[in-house]
Amino acid sequence: MKFVGIVGSIAEQSYNKMLLAYIAKHYQELAEIEILDIKDVPIFNESDDQTETPVIQNLVKKIKAADGVILATPEHNHTTTAAMKNVLEWLSFKVHPFQDKPVLIVGASYFSQGSSRAQLSLRQILDSPGVNALVMPGNEFLLGNVKEAFDAQGDLKDQGTIDFLGSVLAKFCEWVQVLEVLSEKNKQTSWQDEDLSASKGTDTTIKGVDMRADDWVEQAAAKTKAASGKDYVKLDRGVLTVDQLNWFLNTMPMELTYADDNNQFIYYNHTLPGKEMLAPRDPKQVGDPMDAVHPPRAIKGVKHVISSLRNGNDLVEMPVPGNKLNERHIMHYYKAMRDSEGNYRGVNEWVLDLWPIVESYLKQTGQKLVKDEAAPDVVSGASGNENQAPAVDSTTSASVDESSSEDLGPRLDEGIDSVTGASE
């Protein structure tokens with residue numbers, strides 16, 4: 001297996017260069033790693049296109065030929081570096097070598113948080129249109145207190161850190177192999193083929209009822225003679241009346257939505273009136289195909305999320321735009337549902353505001369949230385400015401008002417990649 005590595009620093013001395021050099025030296029049994037030099041990459045300028053220059057073409061060639069890419073980012077002003085951003089600008093302008101390329105992000109900083117904000121920033125860039133990288137979810141490697149981390153030979157000193165880094169790289173190699181298998185399996189299909197019109201049907205589709213009818217729930221219940229009220233329903237580990245099941249679901253501390261494997265929007269827990277919900281919904285939308293509850297600009301993103309879940313991804317998660325520090329942090333989660341044989345049976349979306357939970361924890365423990373004032377790399381210091389990177393919007397929520405800031409479903413006009421929830 002062959003990887004290439006890029007360090008987001010052009011400084012002569014950089015702890016992130018030391019980190020990537022250590023990885024290349026000590027994990028040769030996992031992969032051959034070539035570190036690419038970016039110091040000669042010109043400043044990005046659309047009016048002075050240098051895509052065809054040897055320095056850019058060399059990066060394109062090396063990345064395309066590699067099985068995966070490891071990016072080591074310092075943190076400057078709470079984000080990734082200008083050098084790293086500059087490289088990615090060139091590699092998403094007229095050439096796109098990161099398209100569907102597995103990427104692992106690592107980073108080092110002076111203090112304890114280990115370039116966490118820079119890694120989040122870099123992840124969002126890699127998720128963006130034109131880049132379309134497949135960034136490995138989880139397993140982030142954040143090397144803090146880096147000035148004490150290396151010995152005179154440039155080797156990491158702490159055995160626990162070494163073991164963890166090795167486990168992250170091993171998982172990355174396994175993930176690259178899984179993606180290769182999925183790629184072979186899905187050569188004839190892609191996210192563009194995802195049918196949001198719910199026209200194919202499935203073994204649970206209720207036939208003979210217009211999916212777009214405002215009273216689909218009532219018609220479908222009558223058609224199937226569905227249990228209701230005090231009728232009992234035997235569940236996997238419980239027996240409840242339909243009333244009890246509704247009470248239970250409608251008092252969940254989160255908003256739940258179910259779209260089946262035919263891409264028909266068939267349920268949400270009616271916790272509040274539509275526009276008061278975190279992800280607004282209209283009762284009349286239940287029963288609609290997924291293409292009817294999203295505007296055209298969101299269809300690409302919806303297809304990407306559902307296709308990724310259908311084809312092996314287990315979970316996609318994302319914050320919504322407009323979250324406010326110490327006020328709210330609304331998250332959307334999309335979980336693939338599968339039957340006992342592992343077949344995809346739909347998406348379970350849940351939406352919740354994490355801030356009340358965090359706030360309660362802080363009050364109970366007496367702890368505080370503090371800014372990361374870390375200056376991660378050798379040359380540049382971190383800024384005190386609190387610039388929150390924009391979050392990716394929701395994709396499968398049904399929307400009531402497309403102009404609302406809480407219109408979480410249709411606002412997304414970017415696709416989501418087949419593995420990580422990355423932006424297309």
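The values are calculated or read from the model by the stated rules, or taken from the named source; none is laboratory data. Here the structure is a predicted model, which is why all the values come from computation and not from measurement. We place every Cβ from the backbone using ideal geometry, glycine too, and count neighbours over all the protein chains shown. Note: areas computed on protein heavy atoms with side chains; ligands, DNA, RNA excluded. Shrake-Rupley method; radii C 1.70, N 1.55, O 1.52, S 1.80 Å.
May I ask you to derive the relative contact order of the chain, considering only C-alpha pairs under 8 Å and at least 6 residues apart, and to give it as an integer percent?
With pairs under 8 Å counted, the relative contact order is 18 percent.
In the full protein assembly as shown, how much of Tyr344 is accessible to a 1.4 Å probe, in Å² to the nearest 10?
Rounded to the nearest 10, the figure is 20 Å².
May I have the convex hull volume per residue, in Å³, for the Cα set of segment 2-46?
Per-residue hull volume (Cα only) is 75 Å³.
Kirkwood Rh, Cα Rg: Rg to Rh for segment 1-93?
So for segment 1-93, dividing Rg by the Kirkwood Rh gives 0.97.
How large is the Kirkwood hydrodynamic radius of segment 215-357, counting all unique pairs of alpha carbons, in Å?
Here the Kirkwood hydrodynamic radius works out to 16.7 Å.
Could you tell me the relative contact order of segment 3-148? Use alpha-carbon pairs under 8 Å, at least six residues apart, and round to a whole percent.
Computed over segment 3-148, the figure is 25 percent.
Between Gly144, Gly238, Gly154, where does the largest GNM mean-square fluctuation fall for the chain, given springs only between Cα atoms within less than 10 Å?
Maximum among the listed residues: Gly238.
Have a look at Lys171, Lys207, Lys368 and tell me which one the Gaussian network model of the chain (Cα, springs below 10 Å) gives the largest fluctuation.
Lys368
Direction-averaged shadow area of the convex hull around the Cα atoms of segment 2-192, nm²?
Dividing the Cα hull surface by four gives the mean projection, 11.3 nm².
Straight-line reach from Lys62: which lysines fall under 24 Å, measuring Cα to Cα and dropping same-chain residues less than 8 apart?
Lys2, Lys17, Lys25, Lys39, Lys85, Lys94, Lys101, Lys171, Lys187
Calculate, axis by axis, the spread of Cα positions in the chain along the three principal axes, and write the results as whole Å, longest axis first.
Principal-axis extents of the chain (Cα, largest first): 75, 54, 43 Å.
Taking segment 331-374 as the region of interest, what is the percent of Cα-Cα pairs per 5 angstrom bin, listed from the shortest bin to the one with the maximum distance?
Calculated over all Cα pairs of segment 331-374, the distribution is 5, 17, 13, 13, 12, 12, 10, 8, 8, 2 percent.
For the pair Glu29 and Lys207, how long in nm is the line joining their label points, each one 7 Å along Cα→Cβ?
If labels sit at Glu29 and Lys207, their model points lie 5.8 nm apart.
Could I have the simple spin-label model distance between Ala152 and Lys64, label points 7 Å from Cα toward Cβ, reported in nm to one decimal?
Here the modelled spin labels are 4.7 nm apart.
Using helices alone, what [θ] at 222 nm do you get for the chain, with -39,500 (n - 2.57) per DSSP H run of 4 or more residues, divided over all residues and rounded to the nearest 500?
-8500 deg cm²/dmol
Evaluate the charge dipole of the chain about its Cα centre and quote only its size in Debye, nearest 20, assuming +1 on the Cβ of each Lys and Arg and -1 on the Cβ of each Asp and Glu.
Once rounded to the nearest 20, the dipole reads 480 debye.
For segment 104-167, what are the per-bin percents of Cα-Cα distances with bins 10 Å wide, up to the bin holding the maximum?
Answer for segment 104-167: a P(r) of 20, 46, 25, 9, 0 percent.
Pick out, in residue order, every one of the trypsin sites (Lys or Arg not before Pro) in segment 28-71 that is DSSP loop and has at most 11 other C-beta atoms within 10 Å; say none if there are none.
Here the sparse-neighbourhood loop sites are Lys39.
Taking a virtual spin label 7 Å from the Cα of Glu218 along the C-beta vector, which residues in segment 281-310 bring their backbone nitrogen under 19 Å of it?
It comes to 282-288, nothing else.
Highest GNM mean-square fluctuation, the chain, Cα pairs closer than 10 Å: which of Val316, Val95, Val69?
Fluctuation is largest for Val95.
Ignoring ligands, DNA and RNA, what accessible area per residue does segment 2-192 give at 1.4 Å, in Å²?
46
So for the pair Lys275, Asp195, with labels modelled 7 Å out along Cα→Cβ, what separation do we get in nm?
Here the answer is 3.7 nm between the modelled labels.
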